[in-house]
Amino acid sequence: MTSFELRAADPSDAPRIAQWMSQPHIARWWHQGWSVERWAQEIEQQAAGEHSTPYLVAVDGEEFAYVELYRVRLDRLAEYYAYGEDDWGVHVAIGDVTRVGQGLGRELLRSLAAVVLQADPDCSQVVAEPDIENTPSVRAFVAAGFVQHGELQLPEKTALLMVRTRAVQGGMTCTT
């Protein structure tokens, strides 16, 4: 069983996040290869609002991923599917390239969904919208118990709506 540590990102994390987001395996899908200053501003904006919260994730004491948890009703995604009022969304980027392809993505997704569903009893589903062409990401979501609920035509991509409900049980832990 893998145990992840989740901590809220702050502007001092911007250099690491900017470096991760500029890597080809992330930049291709996220399109956020921004400067350190732009990332610091983004983190401040997210932390000040109610829409999204940025996190860094560690395993074995080493930070390896960037995560955003967001309220779908406050996100543009709400325009593209019949969302539930208490749906949560998740974005995940594994920044440490040495950790890519080891199954950590699916374990992290499973853990995040379980933690969100446990923390918010009103939430009945956690969703994501990976690019339909991002096969490794789609596979990780499926392996984590998310189910494909059709395609969404977003302005910058054709996405798959991936949904994880309470019916899927996960045995992973995530500590905050």
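The values are calculated or read from the model by the stated rules, or taken from the named source; none is laboratory data. As the structure is a computational prediction, the values presented were derived from the model and not from experiment. Every residue, glycine among them, receives a Cβ derived from its backbone with ideal geometry; neighbour counts consider all protein chains shown.
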> So Glu5 clears everything in (1) farther than 29 Å from Ser124 by Cα; (2) charged (D, E, K, R); (3) crowded, with 16+ Cβ neighbours inside 10 Å except one condition, right? Which one?
Replying inline: (1)
> Here is a list of conditions, (1) closer than 21 Å to Ser12 by Cβ; (2) surrounded by 15 or more Cβ atoms within 10 Å (Cβ to Cβ), and Gln41 meets all of them except one; can you say which number that is?
Replying inline: (2)
> Which ones in the range 59-75 are under 25 Å from Val97 (Cα atoms) and over 14 Å from the mean Cα position of the chain (by Cα)?
Replying inline: Val59, Asp60, Gly61, Glu62, Glu63
> Looking at the range 159-176, is at least one residue modelled with pLDDT under 95, surrounded by fewer than 16 Cβ atoms within 10 Å (Cβ to Cβ), of a type in the set (Ser, Thr, Tyr) and in a loop (DSSP other than H, G, I, E, B)?
Replying inline: yes
>> Among the residues of the range 8-19, what is the count of those that are in a helix (DSSP H, G or I) and surrounded by fewer than 17 Cβ atoms within 10 Å (Cβ to Cβ)?
In response: 4
> Do we have Ala119 as within 27 Å of Ile17 (Cα to Cα) and at pLDDT 95 or above here?
Replying inline: no
> Which of the helices (runs of 4 or more DSSP H) contained wholly in the range 20-120 include at least 3 residues that are touching a strand residue (DSSP E or B) at 6+ places or on another chain (Cβ under 9 Å), farther than 22 Å from Gly145 by Cα and not polar (S, T, N, Q)?
Replying inline: 24-30, 36-48
>> On the basis of being under 18 Å from Val100 (Cβ atoms), without any contact (Cβ under 8 Å) to a residue 24 or more places away in the chain, surrounded by 15 or more Cβ atoms within 10 Å (Cβ to Cβ) and not small (Gly, Ala, Ser), does Gln23 make the cut?
In response: no
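Every residue, every condition in (1) over 20 Å from Phe141 (Cβ atoms); (2) modelled with pLDDT under 95, yes or no:
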{"position": "Val36", "(1), (2)": "yes, no"}
{"position": "Glu42", "(1), (2)": "yes, no"}
{"position": "Ala48", "(1), (2)": "yes, yes"}
{"position": "Tyr70", "(1), (2)": "no, no"}
{"position": "Asp75", "(1), (2)": "no, no"}
{"position": "Ala78", "(1), (2)": "no, no"}
{"position": "Gly95", "(1), (2)": "no, yes"}
>> Give all pairs with beta carbons closer than 7 Å in which a residue from the range 131-154 that is more than 19 Å from Leu117 (Cα to Cα) meets a residue that is among the small types (Gly, Ala, Ser) and surrounded by fewer than 14 Cβ atoms within 10 Å (Cβ to Cβ); count only pairs at least 6 apart in sequence or on separate chains.
In response: none
> Do you know which residues across the range 16-41 are within 18 Å of the chain's Cα centre (by Cα) and among the small types (Gly, Ala, Ser)?
Replying inline: Ala18, Ser22, Ala27, Gly33
